[in-house]
Amino acid sequence: MIELKNINKSFGVGKTEIEAVKNINIHVGKGEIFGVIGFSGAGKSTLLRMVNLLEKPTSGEVNINGKNLLRLNEKELGNTRKKIGIIFQQFNLLSSYNVFDNVAEILRMNRVPKKEIQQKVEELLALVGLDDKSKQYPAQLSGGQKQRVGIARALAMDPEILLCDEATSALDPQTTDSILELLLSINKKLGLTIVLITHEMEVIKKTCDRVAVMDKGEVIEQGSVLDIFSHPQQVTTKNFLRNLYDDTITEEMMENLQGFGHSYILRLAFRGDSALDPVLHVISSKYSVVTNIVHGSINYLKGIPLGILMVHISGDYDQMKQAITYLNDTVYHAEVSLEINQNQKREGVLQ
Ligand SMILES: Nc1ncnc2c1ncn2[C@@H]1O[C@H](COP(=O)(O)OP(=O)(O)OP(=O)(O)O)[C@@H](O)[C@H]1O
């Protein structure tokens, strides 16, 4: 549905050129919620604005439903843009218009017949939970209510795609949750495809199916939220995740663990019901290895639990290898995060 192909965007600032987006390839399927996360200046807004050509790429293709937007004439582009709604961090409401007129204005601009406007606005305000606020002005609304008006405006032309530009960054955590709930419900009810940009993993975790991590204009990692959470590859991704679960091995821990001789720290990810499987008990009784939990956490990805355990195992080398093979076959994802005192094996200490 949305395909960004080899997208680049440079800005000329004086004599220098800033490469804001570098060779990005992203595909977002119909009905999917796709997140883009990155620190400030990573290029997220520029990338998002290229989906509806608010920003024109320096090179590459922007395909929506198989049509390259860069090849459309003005009228065709206008029609395609109507099917792409956008919401902003600062809501972008018209302060002198009440809630009803803020939404109605979009319909009037698009020459929707007057008699249809009343009903459409009422439906939209009911959908976003603001049916009792239609006569209020933006200044009389809370941040969350303003964003609900923003969402109603974005949905006015029955878009197929909704772009969310840091839509919850100006909101407190509780209001953020209520707006994310609303996005999830309209995604489900209307089959809307959503692309959102954020600098918070919490937002990705609660709403997205897939995610791309951006750093210095590039997508450094992308995949399902489950895969990215269970085995992140890049340091930037790990840093973002550290707010949700800490898997750092401190120097103090290392000093203690070195006393065990040749041993491993494993990173185990458990999904859904498998979090209840007694795998550590199995490996310590079946393979005579000693296990110690170093860190443990549980996160709910769109409501599905994902448990991460950092486990230290020690014991006979072959038994440890067999235990690791067993874990690889049993849990959602298992990997050796750290090998401690590996030279001892070669020196024959464990033989
Ligand atoms: N119109 C512009 N002219 C010149 N440089 C720009 C322009 N827009 C963006 N940039 C530069 O491109 C880079 C990426 O900016 P962008 O706003 O896309 O990042 P971002 O990840 O959305 O950051 P933030 O989270 O702070 O909004 C930055 O270095 C920025 O200064």
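The values are calculated or read from the model by the stated rules, or taken from the named source; none is laboratory data. Quick caveat, the model's predicted, so the values are computed rather than measured. Here Cβ is always computed from backbone atoms with ideal geometry, including for glycine, and neighbour counts include all displayed protein chains. With ligands, DNA and RNA removed, areas are computed over all heavy atoms of the protein, side chains included. Shrake-Rupley method; radii C 1.70, N 1.55, O 1.52, S 1.80 Å.
General remarks:
- Any hit, segment 175-186, residues being within 19 Å of Gly38 (Cα to Cα), open to solvent by less than 40 Å² (accessible area, probe 1.4 Å) and part of a loop (DSSP other than H, G, I, E, B): no
- Residues in segment 210-231 that are part of a loop (DSSP other than H, G, I, E, B) and surrounded by fewer than 19 Cβ atoms within 10 Å (Cβ to Cβ) were compared, and the one that is farthest from the chain's Cα centre (by Cα) is Lys216.
- Taking segment 46-97 as the range and being assigned to a strand (DSSP E or B), away from the ligand (no atom under 15 Å from the Cβ) and modelled with pLDDT under 95 as the test, only Lys67 passes.
- Restricting Ile24, Ile2 to residues that are within 30 Å of Gly129 (Cβ to Cβ) and among the aliphatic types (A, V, I, L, M) narrows the list to Ile2.
- For Ser59: the one exception among (1) touching a Ser or Thr at 6+ places or on another chain (Cβ under 8 Å); (2) surrounded by fewer than 15 Cβ atoms within 10 Å (Cβ to Cβ): (1)
- Look at segment 130-148: where a residue is in contact (Cβ under 8 Å) with a residue 40 or more places away in the chain and a partner is among the charged types (D, E, K, R), sitting 6+ places away or on another chain with Cβ atoms under 6 Å, you get Pro138/Lys146.
- Of all the listed residues (Asn328, Asn256, Asn299), the sole one being surrounded by fewer than 20 Cβ atoms within 10 Å (Cβ to Cβ) and either part of a loop (DSSP other than H, G, I, E, B) or at pLDDT below 90 (or both) is Asn256.
- Checking Val36 against (1) part of a loop (DSSP other than H, G, I, E, B); (2) modelled with pLDDT of 95 or more, the condition it does not meet: (1)
- Residues satisfying the stated conditions in segment 6-40, i.e. surrounded by 15 or more Cβ atoms within 10 Å (Cβ to Cβ) and more than 16 Å from the ligand (Cβ to nearest atom): Val28, Gly31, Glu32, Ile33
- Considering (1) in contact with a strand residue (DSSP E or B) (Cβ under 6 Å, 6 or more places away or on another chain); (2) modelled with pLDDT of 95 or more, the lone condition that Ser230 does not fulfil carries the number (2).
- Single condition Arg111 does not satisfy, out of (1) over 22 Å from the mean Cα position of the chain (by Cα); (2) within 16 Å of the ligand (Cβ to nearest atom); (3) modelled with pLDDT under 95: (2)
- Number of positions in segment 331-351 that are at pLDDT below 90 and part of a loop (DSSP other than H, G, I, E, B): 7
- Leu162 falls short on exactly one of the conditions (1) free of Cβ contacts under 8 Å to residues at least 12 places away in the same chain; (2) in a strand (DSSP E or B), and that condition is (1).
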